[in-house]
Amino acid sequence: MNVKFKNYNCNIMFGQYGNGNTAIQLIDEKDGYPVAVATVNGLHKCPNDIVGIKDWSENEGMVDALIQAHVIEDELLLMERTGFVYIGYYKLTDQALKLLKEFKVGQQA
């Protein structure tokens with residue numbers, strides 16, 4: 001999956017936080033370097049298909065970029081206050097879930 005974020009064309013890389021929550025990084029498709037961590041690990045343990053998106057500071061505009069790239073659905077499911085900001089939680093699209101499942105299978109190999 002490709003995501004246009006700021007002036008970068010990025011590929012999605014899935015990961016997992018220590019508590020099992022899904023993590024997403026944006027990787028520059030030209031040089032393979034990380035551009036941004038799109039997710040944040042909030043206080044809630046989430047199902048695999050729900051992610052908390054960091055959409056403040058240097059990540060401002062992340063939600064819109066992920067929606068346009070069909071990574072997350074456009075419906076905000078939950079807001080969680082953490083410090084001075086709120087984490088917005090969104091459902092992954094079916095296309096993103098397919099890639100996430102491939103990532104998890106690759107982890108087990």
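Just so you know, all these numbers are worked out from the coordinates, no wet-lab data involved. If you're wondering where the values come from, they're calculated on a predicted model, not measured in any experiment. Every residue, glycine among them, receives a Cβ derived from its backbone with ideal geometry; neighbour counts consider all protein chains shown.
Restricting attention to segment 1-80, the count of lysine pairs at 8 or more positions apart or across chains with alpha carbons under 18 Å apart stands at 5.
Going by neighbour counts of Cβ atoms within 10 Å, the residues Tyr90, Tyr8, Tyr33 line up, fewest first, as Tyr33, Tyr8, Tyr90.
Applying 1/(1 + (r/R0)^6) with r as the Cβ-Cβ distance of Phe84 and Asn19 and R0 = 25 angstrom yields a FRET efficiency of 0.65.
Using only the C-alpha atoms of the chain, find the volume of their convex hull and express it per residue in Å³. Don't skip to the answer; put the middle values down first.
Working: hull volume 11.0 nm³, N = 109.
Cα convex hull per residue, to the nearest whole number: 101 Å³.
Note on Lys98 and Gln68: the extension gain reaches 9.1 nm, defined as 0.36 nm multiplied by sequence separation minus the Cα-Cα distance. Quick check: net charge around Lys4, other residues with Cβ under 12 Å of its Cβ, Lys/Arg +1 and Asp/Glu -1? Its environment carries a net charge of -2.
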